[in-house]
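Please read the structure below before turning to the comments.
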Amino acid sequence: MLVVLLLADTPASAADVSGDWELTVRVLDDVNYARVTLKVEKDALTGTLNEVMLAGTVKGDDVSFIATRPNGQRFGAFKGRSNGDEMKGTASWPGMTTDVNWSARRAKARPAKPQTHQFEPTEFHRVFSDAIA
């Protein structure tokens, strides 16, 4: 009984979300991708998304952080849950009336040696866009 009481009183440890992540954000019908680097110390989360600074908390599997541009302007507020090597949730964007959905997965480790890949294009487009598969 004493062990049960002690375990019930122990706070849940923060999920280990430190490292590089591949972030996907869907805004309306547009999908955007970015590389995010996160660092967790105790339950404080910090990180970067390109030049945008991230700061927030991790409590158990719950993750929340604010994205701030270099000029101090708030870029967005993210809330979600981590599940191993994946995270997902919603974010509020300035000027948007509805939340946007986001997800992230751990970036794969780089290969030990450089590799050569042969690529033969089969489709051609007149514009560059991350909306094109």
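The values are calculated or read from the model by the stated rules, or taken from the named source; none is laboratory data. Remember, it's a predicted structure, so these values are computed and weren't measured experimentally. In this analysis, Cβ positions are derived from the backbone assuming ideal geometry, glycine residues included, and neighbour counts consider all displayed protein chains. With ligands, DNA and RNA removed, areas are computed over all heavy atoms of the protein, side chains included. Shrake-Rupley method; radii C 1.70, N 1.55, O 1.52, S 1.80 Å.
Some observations on this one:
- Flag for R74 being over 24 Å from A15 (Cβ atoms) and either surrounded by 10 or more Cβ atoms within 10 Å (Cβ to Cβ) or in contact (Cβ under 8 Å) with a residue 60 or more places away in the chain (or both): yes
- Residue in the range 11-36 that is most open to solvent (accessible area, probe 1.4 Å), counting only those that are over 15 Å from D85 (Cβ atoms) and touching a strand residue (DSSP E or B) at 6+ places or on another chain (Cβ under 6 Å): Y33
- Within the range 26-59, the set of residues being of a type in the set (V, I, T) and at pLDDT below 90 comprises V27, V31.
- From K39, K59, K79, residue being under 11 Å from the mean Cα position of the chain (by Cα), on the phi < 0 side of the Ramachandran plot and open to solvent by 20 Å² or more (accessible area, probe 1.4 Å): K79
- Taken over the range 82-91, residues that are surrounded by fewer than 15 Cβ atoms within 10 Å (Cβ to Cβ) and assigned to a strand (DSSP E or B) amount to 3.
- Verdict on A67 being in contact (Cβ under 8 Å) with a residue 12 or more places away in the chain and open to solvent by less than 100 Å² (accessible area, probe 1.4 Å): yes
- Those residues of the range 96-115 which are among the small types (G, A, S) and within 21 Å of Y33 (Cβ to Cβ), in sequence order: S103, A104, A107, A109
- Of all residues in the range 96-115, those that are closer than 22 Å to G19 by Cβ and open to solvent by 90 Å² or more (accessible area, probe 1.4 Å) have Cβ atoms under 9 Å from Cβ atoms of residues that are part of a loop (DSSP other than H, G, I, E, B) and among the charged types (D, E, K, R), 6 or more apart or on another chain, in R105/D85.
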